[in-house]
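Below you'll find the structure, written out as structure tokens, and then a few comments.
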Amino acid sequence: MSQAALVKKPEEILKQFFGYSEFRGNQQAIIDSVLKKKDTIVLMPTGGGKSVCYQVPAMIFEGLTLVISPLISLMKDQVDALNANGIPAAFLNSSQSQSEQRFISSQIESGKIKLLYIAPERLYKGDYPLIDFLKTVNLSLVAIDEAHCVSQWGHDFRPEYLKIGELRKSFPQIPFVALTATADKLTRKDIADKLGLKAPQWFISSFDRSNITYRVTAKRDAMGKLLEFLDFHKKDSGVIYCLSRKNVEETAAELQARGLSALPYHAGLPREEREKNQELFIKDEVKIMVATIAFGMGIDKSNVRFVVHMNMPQNVEGYYQETGRAGRDGLPSDALLFYSGQDAITLGRMLDQGENQEFTHVMQDKLEKMKSFCQTKVCRRKFLLNYFGENHAGDCGNCDICFQKGNRQDMTIPSQMLLSTVARLGENYGIGYVILVLRGSKSAKVQEAHQSLSVYGIGKDRSESFWKDLGDKLLQEDYLAEAGAQFPTLKLTEFAWQKLKAKEKILLPMEESISDVSSKPSTHHEDLLDELKALRYSIAQKSGVPPYVVFADNSLLE
Ligand code: ADP
Ligand code: MG
């Protein structure tokens with residue numbers, strides 16, 4: 001039989017080795033570009049199916065495909081999965097013995113391996129660096145997974161990735177394909193430059209993850225809100241991201257103490273413990289992973305139902321990547337972020353310590369955008385897609401902002417009370433003290449200092465939590481701003497002064513519980529889907545937004 005007759009078509013490979021009958025999105029076009037030996041850049045959201053874009057060509061090209069990926073810990077799983085599908089793949093890393101490595105090299109030399117996975121540091125390290133070995137074999141394709149790691153504008157810069165530029169020069173004749181789930185415009189351009197790609201073909205998929213419901217809520221009483229949210233997500237798998245290792249440990253311990261199935265994950269834990277915790281999570285033996293952002297990259301777990309951020313992430317790319325780990329199976333999933341001005345200040349300070357000025361400047365800009373996302377009054381999905389250079393026609397109907405639209409209440413009187421108390425106190429106090437004055441606290445200290453103010457006690461008919469909620473809403477809606485780091489004090493914004501002067505009505509979104517989708521947690525997934533469906537219809541009707549199909553698989557709807 002001639003060689004040509006043996007070469008299979010992409011669809012046949014997809015069917016035979018992956019069991020799928022059709023390509024999804026622009027997989028087919030991407031594969032065509034790679035097969036034409038063009039340098040190719042793929043931007044596709046997490047779960048979109050980037051892997052087959054190089055795995056299918058790997059099975060068609062005659063020689064070896066090199067896959068560069070940042071995480072050694074995941075290579076084994078990826079390779080095992082490929083082998084289980086009958087694809088001859090292997091990885092090389094420092095955890096293997098000399099003889100294992102020699103065996104794999106000999107397999108490559110004899111053309112028995114189609115895909116070789118490595119971390120980039122492997123290329124130029126040691127007495128006999130891999131690059132020298134690669135020059136002796138028939139290399140057909142290089143795939144660079146998580147390609148944003150090559151750019152310092154990305155959220156996960158790895159200097160070793162810069163070495164890939166040298167690799168490109170050593171193999172000018174073969175195609176390189178770079179893939180990532182996240183890259184704003186600046187990072188995109190940088191990827192092409194740093195990797196030294198030649199007039200690359202770009203494939204940018206829609207980044208919309210329509211099955212994810214985005215919510216941002218004030219951080220006050222975060223644990224209480226979190227428990228309420230987790231109660232709704234009983235039995236579901238999810239990830240809770242915290243900024244520091246300490247927060248991870250504390251949050252995990254608190255959840256465990258309440259009988260929830262949660263484990264910590266951060267880079268400070270011993271490797272065995274980390275790997276064990278990750279494995280338990282992937283196998284559904286533990287439901288909640290409380291983690292730093294060290295957790296999650298490349299993890300292919302399709303049934304993650306929620307992602308919570310206890311702290312604001314540093315930038316929108318990171319946020320989108322992390323929330324994108326929810327709902328890879330296309331079923332409705334939740335992303336919840338706890339926002340506080342304080343966190344934004346802390347992150348800003350961390351950035352200020354950086355030495356590279358240009359870098360710090362760009363990162364600060366990104367942090368500002370992340371803050372705007374938290375404070376935005378436009379549909380969150382619109383905001384996110386717009387950030388990645390995409391348009392979303394109309395509001396999504398599936399984020400907290402959309403849920404609240406049309407649900408605004410006239411809060412003029414209490415808002416005036418709160419705002420004037422802030423002003424009368426000389427904008428020198430935080431919300432706690434403002435409420436003490438509003439409610440006419442009997443504390444000797446408060447009485448002595450502020451009993452004579454006209455606003456003292458004007459809000460005594462309402463509860464402390466009412467005033468706190470109102471304060472949060474006024475912050476979110478830009479009537480109030482926080483100043484100062486450790487003990488933030490409240491200030492009236494220019495916007496608030498204008499509104500007050502013009503005697504305009506103050507309409508605020510009704511407080512919406514984060515578990516609004518259901519008060520009673522459901523045990524069966526089917527019930528849950530029904531409830532969500534009903535609720536989203538009712539929300540849509542209330543807010544005048546047309547019912548929005550949130551399921552990737554429409555058959556679930558009708
Ligand atoms: P990404 O790397 O973009 O996050 P993966 O390559 O891990 O995504 O693919 C996500 C999931 O989608 C995997 O379970 C994969 O098997 C599946 N998948 C990929 N392509 C197809 C397809 N054409 N049809 C159905 N499922 C697919
Ligand atoms: Mg991937």
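Readers should treat all values here as calculations from the given coordinates under stated rules, not as data from a laboratory. The shown structure was predicted, so the numbers you read here are calculated from the model rather than taken from an experiment. Note: ideal-geometry Cβ built from the backbone for every residue, glycine included; neighbour counts use all protein chains shown.
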* Asked: Quick one: putting +1 on the C-beta of Lys and Arg, -1 on the C-beta of Asp and Glu, what dipole do you get for region 262-312 around its Cα centre, in Debye to the nearest 20?
  -> 140
* **Using a Förster distance of 35 Å, the FRET efficiency for ARG258-LYS9 (Cβ separation, nearest 0.05)** => 0.05
* Asked: So how far, in whole Å, is the C-alpha centre of region 363-380 from the one of region 318-360?
  -> 10
* To do: Would you kindly work out the equivalent ellipsoid of region 66-157 from its C-alpha gyration tensor and give its semi-axes, the square roots of five times the eigenvalues, largest first in whole Å?
  => 21, 16, 13
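When averaged across all projection directions, what area in nm² does the alpha-carbon convex hull of the chain cover?
Details: hull surface 118.1 nm².
Computed as one quarter of the Cα hull surface, the answer is 29.5 nm².
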* Asked: Could you give the dipole magnitude of region 1-126 about its Cα centre, charging the beta-carbon of Lys and Arg +1 and that of Asp and Glu -1, in debye to the nearest 20?
  -> 140
* What list of ³J(HN,Hα) values in whole Hz, one per residue of region 158-170 in order, does the Karplus curve 6.51 cos²θ - 1.76 cosθ + 1.60 (θ = phi - 60°) give from phi, with Gly and Pro shown as x? -> 10, x, 4, 5, 5, 5, 5, x, 5, 4, 4, 5, 6
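Using the reciprocal of the averaged 1/r over all distinct C-alpha pairs, how large is the Kirkwood radius of region 389-515 in Å? Please list the in-between numbers first.
On the way: mean 1/r = 0.0633 Å⁻¹.
So the Kirkwood estimate lands at 15.8 Å.
Give the residue list of trypsin sites (Lys or Arg not before Pro) in region 236-314 that are DSSP loop and have at most 14 other beta-carbon atoms within 10 angstrom.
On the way: sites: ARG245, LYS246, ARG258, ARG271, ARG274, LYS276, LYS283, LYS287, LYS301, ARG305; in loops: ARG258, LYS283, LYS287, LYS301.
Sites meeting the loop and neighbour criteria: ARG258, LYS283.
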* **Prolate/oblate/rounded call for region 334-457, Cα gyration tensor, a/c under 1.5 rounded** => oblate
* Structure fact -> Cα-Cα longer than 18 Å, checked against LYS219/LYS442; LYS225/LYS468; LYS366/LYS491; LYS366/LYS499, kept in input order, equals LYS219/LYS442; LYS366/LYS491; LYS366/LYS499
* To do: Pop a pseudo-label 7 angstrom from the Cα along the beta-carbon direction at both ASP80 and GLU109 and give the gap in nm to one decimal.
  => 3.0
* Structure fact -> Long-range amide H partners of TYR339, meaning residues 5 or more apart or on another chain whose placed amide H is closer than 5 Å, are THR217, ALA218, LYS219
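If you take every residue apart from ASP395 with its C-beta less than 10 Å away from the C-beta of ASP395, what net charge results, scoring Lys and Arg +1 and Asp and Glu -1?
Surrounding charge for ASP395 is +4.
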* In debye, nearest 20, what is the charge dipole magnitude of the chain about its Cα centre with +1 on Lys and Arg Cβ and -1 on Asp and Glu Cβ, if you could check? => 700
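Would you mind getting me the FRET efficiency between LYS491 and GLU272? Use the beta-carbon distance for r and R0 = 41 Å, nearest 0.05. Mind showing how you got there, number by number?
Numbers: r = 50 Å, r/R0 = 1.22.
So, using R0 = 41 Å, E works out to roughly 0.25.
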* Using a cut-off of 19 Å between alpha-carbon atoms, which aspartates and glutamates can reach LYS135, once sequence neighbours fewer than 8 places away in the same chain are excluded? -> GLU62, GLU109, GLU121, ASP127, GLU166
* Structure fact -> Rounded to the nearest 500, the 222 nm mean residue ellipticity computed for the chain from DSSP H runs (n ≥ 4, each -39500 (n - 2.57)) alone is -12000 deg cm²/dmol
* Asked: Which of the trypsin sites (Lys or Arg not before Pro) found in region 404-484 are in a DSSP loop and have at most 11 neighbouring Cβ atoms, other than their own, within 10 Å?
  -> LYS442, LYS460
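Show me the GluC sites (Glu not before Pro) within region 10-96 that DSSP assigns to loop and that have at most 16 other Cβ atoms within 10 Å of their Cβ. Show your work: numbers first, answer last.
On the way: sites: GLU11, GLU12, GLU22, GLU62; in loops: GLU22, GLU62.
Here the GluC sites (Glu not before Pro) that fit, given the DSSP loop and packing criteria, are GLU22, GLU62.
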* Asked: Computed on alpha carbon atoms, what radius of gyration and Dmax characterise region 108-203, expressed in Å?
  -> 13.6, 42
* Along the Cα-to-C-beta direction of GLN364, a point sits 7 Å from the Cα; which residues of region 335-356 have their amide N less than 17 Å from that point? -> 344-356
* To do: For every other residue with a beta carbon closer than 13 angstrom to the beta carbon of MET312, add +1 if it is Lys or Arg and -1 if Asp or Glu, then tell me the sum.
  => +1
